[in-house]
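Report on one structure; see the data block that follows.
The values are calculated or read from the model by the stated rules, or taken from the named source; none is laboratory data. In this text the structure is predicted, and so the values were computed from the model without any measurement. Glycine gets a Cβ as well: all are built from the backbone with ideal geometry, and neighbour counts include every protein chain shown.
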Amino acid sequence: MSKPFPDQVVIVGGGVAGLALARRLQGLDIPYSLFERRRMSADGGLAVNLPGNAIQALATLGLRNRIEAIGHPIRRRQYRTARDKLLFEIDEDAFWGAANRPRSVRRAELLAMLADDLPQDRHWHGVESRSLAMSATGGALKLSDGRIVNGALIVGADGVRSTVRREVFGAAAGAGHALLAEDSWRFMAPNPGIDCWTVWASAEGMILLMPVSDGEVYGWAAITKSRGGTQSSISALIEMSFLFPRRVRDTIAHVAARPTRLYHSPLEEVRMDRWHTQRAVLIGDAAHATAPVWAEGVALGLEDAIVLGRCLEQTSDIPAALAGYEAMRRARVAHVQHQTDAMSKAAKLPATLRNLLLPVVGPKKYRQTYARLKEAV
Ligand SMILES: Cc1cc2nc3c(=O)[nH]c(=O)nc-3n(C[C@H](O)[C@H](O)[C@H](O)COP(=O)(O)OP(=O)(O)OC[C@H]3O[C@@H](n4cnc5c(N)ncnc54)[C@H](O)[C@@H]3O)c2cc1C
């Protein structure tokens, strides 16, 4: 096949979506440069849950054996009340099958795996994109080290607060970004005996614990109903944890005693009517960051990269490739957003009603959400 791509692709952001696209372009022999503002991952010690479609996407990127080697299998999901009553459980092994078994993985290891074997002379770390000037034939990116880099295509893979989104879409970018919850934290802690993905929810907030190994859990805690007052947010987290079972309370006490290991993670969302112009495109969180209700952020970023790579492989007409990418991705992303909203709404119901409804609605929502995502992109 003749090389369809005459000029280079400039990728802003070296997170999951940016690195997955770099992998894809490298495989297709399409020249690219990638600029990442961090020298190393800011939350490298943390982990993520990878549902079956993320595993499927990693397999498409040629990484099935690698993720099986580094990911910890997650075979079940449990939703519990703050008092530890089991509302429902999902047998994820049965749902996804052994090949696409969900896994937890440390983010740093996931990023290292995606970056492995890529030509490092195309990757620039510690360099931030500051501004972008677009023209009919491409874009010129101004970098924090003073350089200007030209690309026939600019890809914004720069996360939920994307500068590319702001530069390309102006006011629409601001309007498409929302803060959902200020008080949310992620952390790693010794495993208090958790053997599957487990979330406990109360009217005040929720705490998720997920094993990353037999000895360590990854956790996420969010206060959804603030009590007001002047206490610090960590004190509020400790106070909220008193509502939860002992193993959860003790885990929060452990991390609260080491506050530098608690990563404050406000929950933000991005909903844009458009993800591309003639020569610029958004992928991953920059295009559609979604509350982590279904843990689809990494999967959607990987899938975006796979589909964008495929579109660029098929035509040298860049605007057509970008339009094709957006057309192929819209419905799947909208499905995840819709299911996220539905589950978030259920989580906000008064406790008695929620505890009655979730055992019936929860498994149904799980199936509705993921059945569609089982189809590979
Ligand atoms: C609390 C919480 C829990 C989550 N849990 C899960 C989970 O269990 N499973 C899951 O799949 N997803 C989860 N997610 C979502 C997931 O983390 C994101 O969807 C995913 O990381 C998005 O990848 P990305 O590459 O699009 O963006 P990012 O990972 O944010 O990467 C963007 C990169 O761009 C860089 N960058 C930003 N601006 C610039 C600039 N101007 N110049 C150069 N570089 C720049 C950043 O440094 C960063 O490295 C969670 C999110 C939150 C908030």
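Going residue by residue through segment 136-144, is there one that turns out to be modelled with pLDDT of 95 or more and part of a loop (DSSP other than H, G, I, E, B)? Yes: segment 136-144 contains one or more residues that are modelled with pLDDT of 95 or more and part of a loop (DSSP other than H, G, I, E, B). Please go through segment 258-280 and pick out each residue that is of a type in the set (S, T, Y) and at pLDDT 95 or above. Passing the criteria: only T277. Checking the stated criteria, A305 turns out to be in the same structural domain as R24 (by TED's automatic domain parsing), surrounded by 15 or more Cβ atoms within 10 Å (Cβ to Cβ) and touching a Lys or Arg at 6+ places or on another chain (Cβ under 6 Å). Exactly one residue out of I318, I306, I283 is modelled with pLDDT of 95 or more and away from the ligand (no atom under 14 Å from the Cβ): that is I318. Any chance segment 121-129 includes a residue that's part of a loop (DSSP other than H, G, I, E, B), of a type in the set (D, E), out of contact with any strand residue (DSSP E or B) (no Cβ under 6 Å at 6 or more places or on another chain) and within 10 Å of the ligand (Cβ to nearest atom)? Yes, segment 121-129 contains at least one residue that is part of a loop (DSSP other than H, G, I, E, B), of a type in the set (D, E), out of contact with any strand residue (DSSP E or B) (no Cβ under 6 Å at 6 or more places or on another chain) and within 10 Å of the ligand (Cβ to nearest atom).
Apart from one condition, R274 fits all of (1) buried (at least 19 other Cβ atoms within 10 Å of the Cβ); (2) out of contact with any Cys (no Cβ under 7 Å at 6 or more places or on another chain); the exception is (1). For segment 288-296, the count of residues that are at pLDDT 95 or above, more than 8 Å from the ligand (Cβ to nearest atom), under 18 Å from G52 (Cα atoms) and hydrophobic (A, V, I, L, M, F, W, C) is nonzero.
When V12 is tested against (1) at pLDDT below 95; (2) hydrophobic (A, V, I, L, M, F, W, C); (3) within 8 Å of the ligand (Cβ to nearest atom), only condition (1) is not met. Of the candidates L312, L353, L358, the single residue that is surrounded by 15 or more Cβ atoms within 10 Å (Cβ to Cβ), out of contact with any Ser or Thr (no Cβ under 8 Å at 6 or more places or on another chain), of a type in the set (A, V, I, L, M, F, W, C) and not assigned by TED's automatic domain parsing to the domain that holds L114 is L358.
Of the residues contained in segment 45-60, one or more are found to be more than 9 Å from the ligand (Cβ to nearest atom), among the hydroxyl-bearing types (S, T, Y) and closer than 30 Å to R77 by Cα. Of the numbered criteria (1) part of a helix (DSSP H, G or I); (2) surrounded by 17 or more Cβ atoms within 10 Å (Cβ to Cβ), the one N65 fails is (2).
A residue that is touching a helix residue (DSSP H, G or I) at 6+ places or on another chain (Cβ under 6 Å) and at pLDDT 95 or above cannot be found anywhere in segment 357-364. Residues that are over 17 Å from I283 (Cα atoms) and out of contact with any strand residue (DSSP E or B) (no Cβ under 9 Å at 6 or more places or on another chain) were ranked within segment 171-198; the one that is modelled with the highest pLDDT is G193.
Pairing residues of segment 349-366 that are over 18 Å from A203 (Cβ atoms) with residues that are part of a helix (DSSP H, G or I), at Cβ distances under 8 Å and at least 6 apart in sequence or on separate chains, gives K365/Q339; K365/A342; K365/M343; K365/A346; Y366/F95.
Let's see how each residue does on (1) part of a loop (DSSP other than H, G, I, E, B); (2) under 24 Å from Y370 (Cα atoms); (3) touching a residue at least 40 places away in the same chain (Cβ under 8 Å); (4) more than 16 Å from the ligand (Cβ to nearest atom):
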position: R23; (1), (2), (3), (4): no, no, yes, no
position: Q26; (1), (2), (3), (4): no, no, yes, yes
position: L34; (1), (2), (3), (4): no, no, yes, no
position: L87; (1), (2), (3), (4): no, yes, yes, yes
